[in-house]
1. Filter region 1-24 for residues that are assigned to a strand (DSSP E or B), closer than 25 Å to residue 78 by Cβ and of a type in the set (A, V, I, L, M) and give the result.
2. Mind checking which residues of region 25-42 are surrounded by 17 or more Cβ atoms within 10 Å (Cβ to Cβ) and either among the hydroxyl-bearing types (Ser, Thr, Tyr) or in a loop (DSSP other than H, G, I, E, B) (or both)?
3. What pairs come up if the first residue lies in region 8-34 and is within 18 Å of residue 50 (Cα to Cα) and in contact (Cβ under 8 Å) with a residue 12 or more places away in the chain, the second is surrounded by 12 or more Cβ atoms within 10 Å (Cβ to Cβ) and aromatic (Phe, Trp, Tyr), and their beta carbons are under 7 Å apart, counting only those six or more places apart or on different chains?
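Nothing in this text is a laboratory measurement; each read-out follows from the coordinates by a stated rule. All values reported here derive from a predicted model rather than from experimental measurement. Positions of Cβ are backbone-derived with ideal geometry, glycine not excepted, and every protein chain shown enters the neighbour counts.
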Amino acid sequence: MAIELHLSLVVDGRPEHRSLEKEYITGETVAAFFKRMDREKIQGRKFFKKLFASKRFLTLLVNGTRLEIPGGMDAQLTDGDQISLLVPMIGG
């Protein structure tokens, strides 16, 4: 029983792509999942809390469906879900 997390972010000015599996917890919402990732310091201390509060453009997908932030953070997760968190990476 697991949730797949896929990240495509810019961390310290560098693109970072990371995928991992985390334990599925019955009844967990998207918001609770990211709070747990912060407690486990998956990307560092309070990384996701700061990211979501930063007002940066983020794309949040659950099973390929885009969820609005913050409204979609209340979506219930189920076993086998895939969460993708993307930050646009542009240059010129």
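1. 2, 3, 5, 7, 9, 20
2. 28 - this is the single residue of region 25-42 that is surrounded by 17 or more Cβ atoms within 10 Å (Cβ to Cβ) and either among the hydroxyl-bearing types (Ser, Thr, Tyr) or in a loop (DSSP other than H, G, I, E, B) (or both).
3. 34/48
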